[in-house]
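Just below is one structure, and these are the notes that go with it.
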Amino acid sequence: MTPAPPAQAHAQTNTLVAKLWNYCNVLRDNGLSTIEYVEQLSYLLFLKMADEIASDPFTEEEAKTVVPAEYGWKALASKKGLELEVHYRNTLTALAKNPGTTLGTIFAKSQNRITEPALLEKLVVELIGKEDWTIQGTDLKGDAYEGLLAKGAEDTKTGAGQYFTPRALIDAMVDVMRPRPEDTITDPACGTGGFLISAHSYIRKHHMQNLSREQRLALGSGKIWGNELVTGTARLAAMNMLLHGIGDADGPSLITEGDALAEQPGRHASLVLANPPFGKKSAITVIGTDGKAEKEDISYERDDFRATTTNKQLNFLQHIMSLMEMNGRAAVVLPDNVLFEGGAGEKVRRRLLEDFDLHTILRLPTGIFYAGGVKANVLFFEKKPPRSGGAHNTSKLWVYDFRTAKHFTLKQHPLRRADLEEFVQAYLPGRSISERVETERFKSFDYDELIARDKVNLDITWMKDPALDGADSLLPPEVIAQEIVEDLQAALSEFAAIAEALGGEVAADTDAIQPTGTD
């Protein structure tokens, strides 16, 4: 099928998102959160897509039996009322018994939360049943589904935002990393799969016409994979990838579920893209090569870790270092504390400068993440072989300050891909770092300068926000209010981490501060 022109496809996507979202409002009145609604959509979309694939005369026979007929879409759509609700529950239970497959990941621990039969019937017949989900192109349907995930991230009560990285940031990171068809690409904390989908889209856009059929098939059969800790989020990632044409409904799941930090990687990747979960305290204890361990309920050994810490982001950074194959590259979103924290943080930063080539840091502005109070950066680094004489692999670090004098909010002034274009151009993707040029926002620092800083502190600033100079350049009140909230949330998170370290009890919700009428 010839793809629709971009403008037409965008309009179709918006129409479909609006249609799906309007029904979400109906179900919210029935007690469902946005994420629960998207979960139910995932189950029904899978059944409808499997039926469309099986009905396609060009589908090979062995691919027609993804879902047994008794639990397929036709069996479900033929029932009404209470009979439909009972059959739906039985279907979810039966299809969850397929571990290791995409089918099993999507239906793992699935439950029917649409307890009103009339609402379920309307969803089956009118919303899902009237759409052809496989013939209008994977981008159209995938973008519509991702639009719903983005709306689900706005639901602060469920905490869904922690699994969602702004698409503008994802795309900019992928654009400078330039994924290649021969890459093996992973995200060890993949959330809803945004990085993996963007990387796949980049390869399709820039390389697809030069790929053989075998190479095209390989892209969706294991060269791109992810891991997610939370079952419900793993199912959303698996469905999101399937709707974007990555993976097979009855094939091995490209999304594994579990604690990525629990053991050393069994497989390595040439490209790692990640935004590990926010929050400093790790639920596990790591025993590093220094032989030290924190006394926690759960502990395990990681001989590949340089430092022992309960800081979740430092553990993820060390895990990603191990996950990379030699000459592999990574782009990872990490909070400010990773750049300045002493102790274990200093050990990890020394290793990053010595054993890896940490060549770029992008300082991110506040107001772009759904999780409040986050001040973060993107670290870009490559894994290099040891150099003779124990020489360090990082020679020069470039820092791009995209934080100073940059002010965003989630709704009134959200981050756009165009906002990051200046950084992308300064990065010089695909060209030698030696060709880079310093600007007001882009500065370079030699290894000797970095290693001499107190505790190897890489939280480097040099710009001043002109909005702080006088009343003539004051920001709008809503932006000021939002940034005050961000600062309070960041401080609260730090105090919570200190309290936990001292053995105190901390309230479950440290993101309770919310702005009123600003975002």
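Read the figures in this text as sums done on the coordinates, not as results from a lab. For clarity, every value in this text was computed on a predicted model and none was experimentally measured. Neighbour counts run over all protein chains shown; Cβ positions are idealised from the backbone, glycine included.
Computed values, structure above
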{"quantity": "Cα gyration tensor, the range 401-456 - rounded (a/c under 1.5), prolate or oblate", "calculated": "oblate"}
{"quantity": "Ordering of 265-273, 304-312 by packing [mean C-beta count within 10 Å, highest first]", "calculated": "304-312, 265-273"}
{"quantity": "From phi via Karplus (6.51, -1.76, 1.60), per-residue ³J(HN,Hα) for the range 118-125 in Hz, x at Gly/Pro", "calculated": "5, 5, 4, 5, 5, 5, 5, 7"}
{"quantity": "Long-range amide H partners of THR360 with built H, under 5 Å", "calculated": "PHE380, TRP398"}
{"quantity": "Environment charge of ALA426, counting only residues whose C-beta is closer than 12 Å and scoring Lys/Arg +1, Asp/Glu -1", "calculated": "-2"}
{"quantity": "ALA249 long-range amide H proximity, modeled H, under 5 Å", "calculated": "none"}
{"quantity": "Additional length obtainable on full extension of the chain from GLU382 to LYS109, 0.36 nm per residue less Cα span", "calculated": "94.5 nm"}
